[in-house]
Number of protein chains: 2
Amino acid sequence: MSTVTCGVSVSLDGFVAGRNMTLENPFGDISPMLLTGWQFDEPEKNKAERDALVSAGAYIMGRNMFGPKDLQSDPNWKGWWGDNPPYHAPVFVLSHTEHEPIAMQGGTTFYFVTDGIASAMKQAKEAAGSKDVAVAGGANVINQYLAAGLIDELWLHIAPVTVGRGQRLFKDTPGIRLKPLEARTTDRVTHIKYRILHD
Amino acid sequence: MSTVTCGVSVSLDGFVAGRNMTLENPFGDISPMLLTGWQFDEPEKNKAERDALVSAGAYIMGRNMFGPKDLQSDPNWKGWWGDNPPYHAPVFVLSHTEHEPIAMQGGTTFYFVTDGIASAMKQAKEAAGSKDVAVAGGANVINQYLAAGLIDELWLHIAPVTVGRGQRLFKDTPGIRLKPLEARTTDRVTHIKYRILHD
């Protein structure tokens, strides 16, 4: 049975990105490394958590996470990750506009889903088989899946900083109950793994 | 040298209380035990953290945490904690109205401070001597001290629930950098101890 996971780097005050996100500044007015730097500054100390982020059999992400506002405006856009993205699996991109699948090197193919989050989840589960499905981001997409009760495990990577304003995880997602499974910390990041209780 | 600590129970989405706080419902529209229940449901598992909450040599709290909106309206009000409050030390209550100190059993005395958070901190440090000063709450007072850079250690007790709306910790407190010192979890609460970096 496939588990739906969501691993996300977040500030201590609950932000996934700052304000004024643009194509040039996908994290808005904060440094790109402020929240995710633990993956690069402490690769060995955080090996298990880094590996987990790219262990799924299929991924779901928002269109903002994939790229520019209007995919048609740049027909050659293929995501932020170069020719060989780290996913090595199907990635389902939630989009308002139709787009042909984009096959990349290394097994990553971006599929564009225009009929909603439940449809994207269904397609991702079919593609993943017995492996996990990962909801990759951004905040808006994660919050939609949290509110819909479609995530099984939440892997929080809490950066020891506050941001103040921006894209907030858990925006308008009341009444979620979770069970902490693990917690540990390094100097740069605190990992908490939760199971979300659905009953 | 006295350390200024702040131990606070918070929901996973960063709330210290719900909405519509009243004298009858100091946690607003959420259950009083939702965030602080770990202290009572799992006393042995959380003994160190429970003991730490009442280990300081002096405390600071907001007027909302102490009691009713207008202290003059109930001259016999002596806080929520009965005749022998758990503090056993001086407690400095931030207030807009003057009030005589209230001496309770067991060493707790409530002092009312009308000239601001820095003055309350100065008085608390003098009273605490070499022991810690604890900023006890609520959210508004903690956020003021965080923004002023006057807290040294933050002890978060994260309840595995989301609340959605209410009194938010870290409201408008950008740019704080911290060093995680410890993290551990039980089924009911995840404890993270931080040092706040002031340099």
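Every number here is computed from the coordinates shown, using simple stated rules; none is lab data. As the structure is a computational prediction, the values presented were derived from the model and not from experiment. Note that each Cβ is placed from the backbone with ideal geometry, even for glycine, and that neighbours are counted across all protein chains shown.
Label point of A:Asp41 set 7 angstrom out along Cα-Cβ; within the range A:6-35, amide nitrogens under 11 Å from it belong to A:33-35. Exposure proxy ranking for B:His96, A:His99, based on other Cβ atoms within 10 angstrom of each Cβ and starting from the fewest, stands as B:His96, A:His99.
Distances between copies of B:Arg177, taken at a point 7 Å out from Cα along the Cα→Cβ vector and listed shortest first: 4.1 nm. By the gyration tensor of its Cα atoms, with a ≥ b ≥ c the square roots of the eigenvalues, what is the shape of chain B: rounded for a/c under 1.5, prolate for a/b over b/c, or oblate? The shape class here is rounded. Estimated from helices alone, the mean residue ellipticity of the protein assembly as shown at 222 nm is -5000 deg cm²/dmol (sum of -39500 (n - 2.57) over DSSP H runs with n ≥ 4, per residue).
Sorted shortest first, the distances from the A:Trp80 label point to those of the same residue in the other copies are 4.2 nm; each point sits 7 Å from Cα along Cα-to-Cβ.
How many Cβ atoms of partner chains, on average, are near each residue of A:51-59 if near means within 10 Å of its Cβ? Numbers along the way, then the final one.
Numbers: counts 0, 0, 0, 0, 0, 0, 0, 0, 0.
Mean partner shielding for this stretch: 0.
The modelled label-to-label distance for the pair A:Asn20/B:Thr114, using points 7 Å beyond Cα in the direction of Cβ, is 4.4 nm.
Counting from the shortest, the label point at B:Gly106, 7 Å from Cα toward Cβ, is 5.9 nm from the same position in each remaining copy. Applying 1/(1 + (r/R0)^6) with r as the Cβ-Cβ distance of B:His96 and B:Asp172 and R0 = 22 angstrom yields a FRET efficiency of 0.55.
Structure shown: which of B:Lys78/B:Lys131; B:Lys45/B:Lys131; A:Lys193/B:Lys45; A:Lys193/B:Lys179; B:Lys131/B:Lys193; A:Lys47/A:Lys125 lie over 23 Å apart, alpha-carbon to alpha-carbon? From the list (B:Lys78/B:Lys131; B:Lys45/B:Lys131; A:Lys193/B:Lys45; A:Lys193/B:Lys179; B:Lys131/B:Lys193; A:Lys47/A:Lys125), the Cα-Cα distance tops 23 Å for B:Lys78/B:Lys131; B:Lys45/B:Lys131; A:Lys47/A:Lys125. Remark on A:Phe92: its backbone amide H falls under 5 Å from those of A:Tyr59, A:Ile60, A:Met61, A:Tyr111, a criterion applied only to residues 5 or more positions apart or on other chains, H modelled at 1.01 Å from N. Taking the alpha-carbon centroid of each part, what is the distance from the range A:29-97 to the range A:124-199 in angstrom? So the separation of the two Cα centres works out to 16 Å. Is the C-alpha gyration tensor of the range A:1-84 telling us rounded, prolate or oblate? Criteria: a/c under 1.5 is rounded; beyond that, a/b larger than b/c is prolate, otherwise oblate. Oblate.
Expressed as a rounded percentage, what relative contact order does chain A have, with Cα pairs under 8 Å and six or more residues apart?
Working: 409 pairs, mean separation 61.3, N = 199.
31 percent.
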